[in-house]
Amino acid sequence: ATAYLLSFTMRDVEPGAALWLYVRLADTRTGAIVAAVSAPLDSLGPTPEAQAQAIVDSLTRGPRWRPAGPP
């Protein structure tokens, strides 16, 4: 199995808005997103190592991402 990790940041236009990090883990065979994380970057920890660990923990322990739509 192979996967790709897509990450990007986004900030609202108002002054002082938080910088948000969005991470998606997807299966390259199907294109399906298998896990996702969205969080304010400053809430993930003070160092890059702590931030990376928080992202990995969220991707592996959090609820699985489900696309919007009918059940």
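Surface exposure of the stretch 4-60, expressed per residue as accessible area with a 1.4 Å probe, stands at 65 Å². When each of the peptides 51-57, 7-13, 29-35, 19-25 is scored by how many other beta carbons lie within 10 Å of its residues on average, the order from highest to lowest is 19-25, 51-57, 29-35, 7-13.
The values are calculated or read from the model by the stated rules, or taken from the named source; none is laboratory data. All figures in this text were calculated on a predicted structure; none of them were measured in a lab. In this analysis, Cβ positions are derived from the backbone assuming ideal geometry, glycine residues included, and neighbour counts consider all displayed protein chains. Side chains are part of the model used for accessible areas, which takes the heavy atoms of the whole protein and leaves out ligands, DNA and RNA. Shrake-Rupley method; radii C 1.70, N 1.55, O 1.52, S 1.80 Å.
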